[in-house]
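The values are calculated or read from the model by the stated rules, or taken from the named source; none is laboratory data. From a predicted model like this one, the values you see are computed outputs, not experimental measurements. Note that we place each Cβ from the backbone using ideal geometry, even for glycine, and neighbour counts take in every protein chain shown. For accessibility, only protein heavy atoms count, side chains too; no ligands or nucleic acids. Shrake-Rupley method; radii C 1.70, N 1.55, O 1.52, S 1.80 Å.
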Amino acid sequence: DNIPKYIDSCEGLNMLIMSKLKGEKLKKVSNYHVDLIIENMIQLKRKSLNLANGLDISDASDSMVNPLEAAIKILNRLNDEINIADRVFKHSIKDYLYWLREELLVCIKSIENNVSAGGSEGNQVFSFSDVGVHNCIILNGKLQYFDFEHSGWDNPMKQIGDWLLCPRNRIDNRTSAYLVERYLYEWPKPLYMIEISRCLPIINIKWNLL
């Protein structure tokens, strides 16, 4: 009932007009919203999704199903930015980008030295990838997403990391701690805390580049 309906379009202006979604805009994430986020992720676990049968669903954009591959992609993007910065920007910006690269190389080395435990198919979730307060609303006590452009299978830690680190989400320290606590409770595995410590810096660097 809350799916946008097509109204009109204009190819010349690249415009598409859709009906308005019902619901309340999510302005700031609280513990109440954390419970909704985790509940949604549990419902979208790959191993329990019947909708995946027979459907060709690819990995999400910037997915961390394979954390090492994700980190290398970000490294390539960072190198491109550094090449531009060397020609255009002042020293302070260039120094910051070089520092980010050194931090990312440390993360990559850490992943290479440890086998990833979070990317297995059974642990994956169907992720909207670009999650945050800008892409969801509250309706009837439920969290509803409305942007599926970058969706697909993903490591659940990537979704947690985007909620924690996307600047526009404005999650305070207490709520951040509660989100990690709830995640670790629902995905109980000893190595997950290590995985979080390896993945979050990579996700943070990605948001710094954006």
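Among the candidates Lys94, Lys22, single out the residue that is touching an Asp or Glu at 6+ places or on another chain (Cβ under 7 Å), farther than 24 Å from Met157 by Cβ and modelled with pLDDT under 90.
The match here is Lys94.
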Residue that is surrounded by the fewest Cβ atoms within 10 Å (Cβ to Cβ) [pool: residues in region 194-210 that are more than 17 Å from Asp95 (Cα to Cα) and β-branched (Val, Ile, Thr)]:
Ile194
I'd like the full set of residues that are small (Gly, Ala, Ser), in a helix (DSSP H, G or I) and farther than 20 Å from Leu210 by Cβ, limited to region 73-116.
Ser110
Just to be sure I understand, how many residues within region 11-34 are outside any helix (DSSP H, G or I), within 30 Å of Arg174 (Cα to Cα) and open to solvent by 80 Å² or more (accessible area, probe 1.4 Å)?
5
